[in-house]
Structures are given as C-alpha cells and as structure tokens.
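Worksheet: one structure, shown below.
The values are calculated or read from the model by the stated rules, or taken from the named source; none is laboratory data. Every value quoted in this text rests on a predicted model; they were computed, and no experiment measured them. Neighbour counts run over all protein chains shown; Cβ positions are idealised from the backbone, glycine included.
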Amino acid sequence: MKTKLVFAAALLTALASTSRSGAESAPSDAAQLRASLETMQKAMAQLTSQLQATQARLTELEKGKATAGATSSIVLPLDAVPTELAKVKDHQSINDDQAAAPRLYNYPLEAGLDGFMPVFNTHSVLKLGGSIRVDGITDNDGRNGNPNMWIPSSFVVNAPEADARTTMQAKASRLSLELRRPVGSDRLRIFYENDFYGNSTSSSMDYRLRHFYGQVFNLLVGQTYSTFQDVDAWPDTLDYEGPNGMVSRRQPQIRWTSPFADKHGSIAIALEQPSIDLSAAGLPAGASGTLETPDFTSALRFENPDAGHVQLAAVLREINYDRKPQHGSSALGWGLALSGAFNLGGDRLYGQAAYGEGIARYINDTGGLGLDAAVDPAGDFSALPTTGLVVGYTHLWGEAWRSSLSYGYVKVESEPSLGALALSETNYANLNLIWQPAKSLRVGVEGLYGKKATMGGLEHEGYRLNFVFKYDIVK
C-alpha cells in the first residue's frame, strides 16, 4: 500500500512539471493534462484513506493478540436472556431439578450467559447441558423393590427374605438443550431434557423424555412439572426418585402465570393432561377408566431471595370409568399442597404437606398403583383419600461439604375391594454426605430407610446404601 502511494505521488509531481514546461502547447493539450491531474489527485486521496484504515485495523489486531484468551471473540445477543433474576435461589442439589422449572418471565436462577452460544444470523442463544452420572447401589434385601430407585411402595411383602443385592447403573445421566431469544417485549425460553429411565427397573439405558416446553409472555405450552408440584421444595437426596410423599408429576399442559406484589408473588393456572390411575380389582367387572376432562391445577406462590418461598397449590379432576352396555360412574378428585423452602444462613429447611381425594397419581410413592378411586362396600365409586408429608434439612459443613436429612410419610385409605395387598402406608428416610470440590463435580454417599404396610397387615422394612459420582457437562 505504501509503495502505491509513493508511486502515485511521483507521478503527480512529474505531471505537474510537464504541465509547467508545456505552457506554450495547445489549449486542448493543457485541458487534457489538467483533467488527468485531477483524476490522479482523487486516486491519491482514496489510496491515502485505504492506507489509514488498514493501519487502524492492524493496530486493533495487535491489541487483540495481547488479550487473546482473556475475552471471547463470539458476540452474544445480550437481549436474549433477562437481566433480572428469579426470586428464589438455586439450592445446588445433586439432582439439579430446579434448572428445568419454568419461572416468571423466564427469569434465570443465575446471572450471565455462561454456557450459551449464538445461533448465527439470529438473536437466539443456545445452551447444551446435562450430566454424566453413575449410581452404585447396595440393598440389604432383594425384596427392596425397584433396584434403581428407592420406592417403598414397590417393596415385596409376601415373599421370604432374599439375599442382598448390588446394582450399578448410569440411568440418571441427562441431556438438556435450552434456547432463548427475544420476542417483542419479552423473551422466549424453550427447554428440553431427557434421562434414561424409560424402563426404571432394568440397568439398560432406555430413553425417557423429562421436559420439552416453551414459554413466552408467561404462557407455557408443552411438558414439564405439574403446576401442583413445587420442585423448589425438594430435599437434596442422592436417590433419584426422592421422598415418597412429594407431589411429583411431569405432563403436557397449558399454563398461564401472572405476577403480583412487585413480582414477589405469582398465581398460575393450568389445564393438564388427565390420566386415570385405577386398578381393575377396585372396579366392577368389565369396567375400565376413561378420560373426559383435563386436570385443572393452580398455584399461589410467594418468593423472597433471602428468606425463601412458600406455595399453596390445588388440583381438581374428574375420575371416570365406563362399563358397557351399562352406564359408568365418576368421582370428583381434589387436592391441596402446602410447600416451601427456607434459607437459614447457609442451611435450608424444606417441607410439604399434601392431602386430597383421588390424587394418588400425583404422589411420588403411589403413582401408577391404581389408587385414585375404587368401589366401596356399598357399591359406590369414590376417590380415595391420600396424604403425603415430607420434611428435610440441609446443613453445610464447609465450602465443599454438605449433608441432608429428610423424612417422608404416605397414607392411602384404600377400599377392601382392592384386596389385602393394597397399599396402606409407607415411610421414607435418608441421610447423606456430599462432596463438591468443583462446580461441575459431585460425589456422595447416602443411607436410605423404607417401610411398607398393606391393608392386610403385611409389612417390609428395607435399607439401602447409594453411592453417586456425577460430572456436569456445562457448569
């Protein structure tokens, strides 16, 4: 570039000299020379401008080399994620269930765009997440039910004592994908997550969808936690299933949430996928459950970043069965759940109390057992009363060490038509020690206790030791 500029200057000088010496030439020749001079002067000005721009760019590149590695060269669309944070804290539990939960206005739990990458030529950002996890499990008795999850209701009560057993599996490993982008005055969040509990009792890695939903303008569509559930109130357990009495259900829904009290409060209402959980033993001969109306759920919630949160949730549902050619019958199901988590310095206290009729499918230990409703001795079809209680406490021993203790209780008032082996109640307890030397690495050991009792008076008590090693893909 500099060579071109010097050549152009020399040429202009020569032309100027020629112009002076040829003053006696014809007027037409002089006009042509002047025109050529003006053209060359313009070219020189352009070359000078280009040289200055090139020099400025070279200076920027030299500065970039000096700071290479200190800053990212990828520019993220900063308007894709809200700058305001959710009014609840990330409890950093080993199962990371809070990360998937929908939040008011899609507020994140942590500030910044760590882990996000731009979707080129758009205003969207994308984050790949998940974890690799291995569980090593030892049971004192082979009758302890599900070998991969601690589910007291799955205990075998009508068999002789069995040998101890040991299992190792990676089914709790997860993959997630989160997309965010601005939409008008709000921001869209699409969240996807799966694990490998498609067959919970085997050691094989069978795909299972956990979450796939989108939310914008506080309107959510897709599959995620039920509005009747409070994932922020779950104790920090290594056991993937969690306490027996927790409300636990992920299902398709349409949910709308509205804030109040300066966004410290919110109310949510939703229509959710219905599912009738009935046992053939509790129905008249030839009858089967039918789906006629969606479940209606709602939640009233108050949050404070320092103190914690409290939630009151409700569910209303219709439980039906059909019996052709005769008429079927229906029962009204309803439930209330009061839950919360409270910050006590570095420690945390969790709790939930749920009660209702026909809500067994929503309780962790009773879902899938056919305990929503049954025919009573008078021949009437009625929803079964169900209670779920859980309390938990997490104590921090230091920066990298913590322990959690929790207890759960479930009670179902089953009808005689369900038989002597129908579930009456279960108890659950856990105590763990978790070491987290880095944000993305967690190692823990947990002792578990469970007890199951049936309507016929049969019981079984079991114990389990669960070791977990977990590495997060992005943290």
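This table checks each residue for (1) surrounded by fewer than 21 Cβ atoms within 10 Å (Cβ to Cβ); (2) assigned by TED's automatic domain parsing to the domain that holds V375; (3) of a type in the set (V, I, T).
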{"position": "Y428", "(1), (2), (3)": "no, yes, no"}
{"position": "I434", "(1), (2), (3)": "no, yes, yes"}
{"position": "A438", "(1), (2), (3)": "yes, yes, no"}
{"position": "E446", "(1), (2), (3)": "no, yes, no"}
{"position": "Y449", "(1), (2), (3)": "yes, yes, no"}
{"position": "L458", "(1), (2), (3)": "yes, yes, no"}
{"position": "E461", "(1), (2), (3)": "yes, yes, no"}
{"position": "L465", "(1), (2), (3)": "yes, yes, no"}
So which of L396, L389 ends up being within 19 Å of G335 (Cα to Cα), among the hydrophobic types (A, V, I, L, M, F, W, C) and touching a residue at least 40 places away in the same chain (Cβ under 8 Å)? L389
Which members of segment 368-391 meet the condition of being outside any strand (DSSP E or B) and surrounded by fewer than 19 Cβ atoms within 10 Å (Cβ to Cβ)? G368, D376, P377, A378, G379, D380
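If you check R180, R208, R174, which single one turns out to be surrounded by fewer than 17 Cβ atoms within 10 Å (Cβ to Cβ) and of a type in the set (K, R)?
On the way: R180 fails: surrounded by fewer than 17 Cβ atoms within 10 Å (Cβ to Cβ); R174 fails: surrounded by fewer than 17 Cβ atoms within 10 Å (Cβ to Cβ).
Of R180, R208, R174, the one residue that is surrounded by fewer than 17 Cβ atoms within 10 Å (Cβ to Cβ) and of a type in the set (K, R) is R208.
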Could you look through segment 201-224, keep only residues that are polar (S, T, N, Q) and touching a residue at least 60 places away in the same chain (Cβ under 8 Å), and pick out the one that is nearest to N148 (Cα to Cα)? T224
When you scan segment 279-302, how many residues do you find that are at pLDDT 95 or above and surrounded by 15 or more Cβ atoms within 10 Å (Cβ to Cβ)? 8
Filter segment 73-94 for residues that are crowded, with 20+ Cβ neighbours inside 10 Å, farther than 20 Å from S266 by Cα and touching a Gly at 6+ places or on another chain (Cβ under 9 Å); which is modelled with the lowest pLDDT? V81
Suppose we keep only residues that are of a type in the set (A, V, I, L, M) and within 23 Å of S424 (Cα to Cα) within segment 134-161. Which one would you say is surrounded by the fewest Cβ atoms within 10 Å (Cβ to Cβ)? A159
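Filter segment 114-143 for residues that are part of a loop (DSSP other than H, G, I, E, B) and in contact with a Leu (Cβ under 9 Å, 6 or more places away or on another chain); which is modelled with the highest pLDDT? Break it down stepwise before answering.
So the first thing to find is which residues in segment 114-143 are part of a loop (DSSP other than H, G, I, E, B), and the list is 114-115, 119-124, 140-143.
Still in the running and in contact with a Leu (Cβ under 9 Å, 6 or more places away or on another chain): 115, 119, 124, 140.
On the way: G115: 88, V119: 92, S124: 94, N140: 97.
Per the criteria, the residue is N140.
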How many residues does segment 303-326 hold that are more than 30 Å from S275 (Cα to Cα) and either surrounded by fewer than 17 Cβ atoms within 10 Å (Cβ to Cβ) or not assigned by TED's automatic domain parsing to the domain that holds G282 (or both)? 4
Has segment 121-129 got any residue that is closer than 22 Å to M205 by Cβ and in contact (Cβ under 8 Å) with a residue 60 or more places away in the chain? yes
